[in-house]
Amino acid sequence: MKNKPFSLIKFLESVFWVFLGVFSVLLFFRPVETGDIWWHLKIGEYIFQKGMVPLIDPFPFTDEKSVWVLTQWLGSLTYYTVYHFTGLIGLKLCRLFIFGVTIFMFVRYALKRVPSIVVIFLTLLLTLTLSNRPYLRP
C-alpha cells in the first residue's frame with residue numbers, strides 16, 4: 001500500500017471547506033425575523049386546518065371581503081408544518097437546510113466545470129451574498 005504525498009493545496013482546500021461550513025452555519029442559523037414569516041405561518045395554519053387554500057382573504061384589515069389569489073400557499077404550508085412539529089428551532093434549521101443545499105448544489109456543479117480555486121472564491125462570494133437575504137419567505 002502506497003502513501004500519497006502530502007499536498008499543501010489539498011489540505012488548504014479541505015480547511016477552507018470546513019471553514020465555509022462553520023461560517024455558513026453561523027450566518028444562516030440566526031433568529032427568525034419578525035416580518036412576513038408570522039403572516040405566512042398563520043396562512044399555513046389556516047390551510048393545514050381547513051385542508052384548502054382560501055379564495056377570499058381570511059384576515060382582511062377592513063370589513064370588506066375580497067377575492068384573493070394566494071400564490072405562495074405551498075411555501076406557507078411548508079413553513080407552518082415545520083413550525084407546528086418543531087417550533088422556531090425547526091424554522092431556523094429549515095432555513096439552514098435551504099441555504100446549505102443551495103450552496104452545495106452550486107459547488108457540485110461548479111467543481112465539474114472550473115478550477116477549484118475559482119470555485120472557492122465564487123462559493124465564498126455566494127455565501128456572503130446570500131447572508132444578506134436569509135429571510136424565510138416562500
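The values are calculated or read from the model by the stated rules, or taken from the named source; none is laboratory data. None of these values were measured; they are calculated from a predicted model. Counting neighbours? That spans all protein chains shown, and the Cβs are built from the backbone with ideal geometry, glycine included. What goes into the accessible areas is simple: the full protein's heavy atoms, side chains included, and nothing from ligands, DNA or RNA. Shrake-Rupley method; radii C 1.70, N 1.55, O 1.52, S 1.80 Å.
Below are the figures for this structure:
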quantity	calculated
Accessible area per residue in Å² at 1.4 Å probe, computed on the chain	71 Å²
Accessible-area value, Met105, 1.4 Å probe, nucleic acids and ligands omitted, Å²	120 Å²
For the chain, calculated [θ]222 nm from helices alone, where every DSSP H run of n ≥ 4 adds -39500 (n - 2.57)	-22500 deg cm²/dmol
In nm, spacing of pseudo-spin labels at Lys50 and Ser131 (7 Å Cα→C-beta vector)	4.1 nm
With every protein chain in place, the chain: carbon and sulfur % of accessible area (1.4 Å)	69 percent
Lys pairs, the chain - Cα-Cα below 25 angstrom, 8 or more residues apart or on other chains	7
Along principal axes, Cα extents of the chain, largest first, whole Å	75, 27, 27
Label-point gap, in nm, between Thr102 and Val114 - each point 7 angstrom along Cα→Cβ	1.8 nm
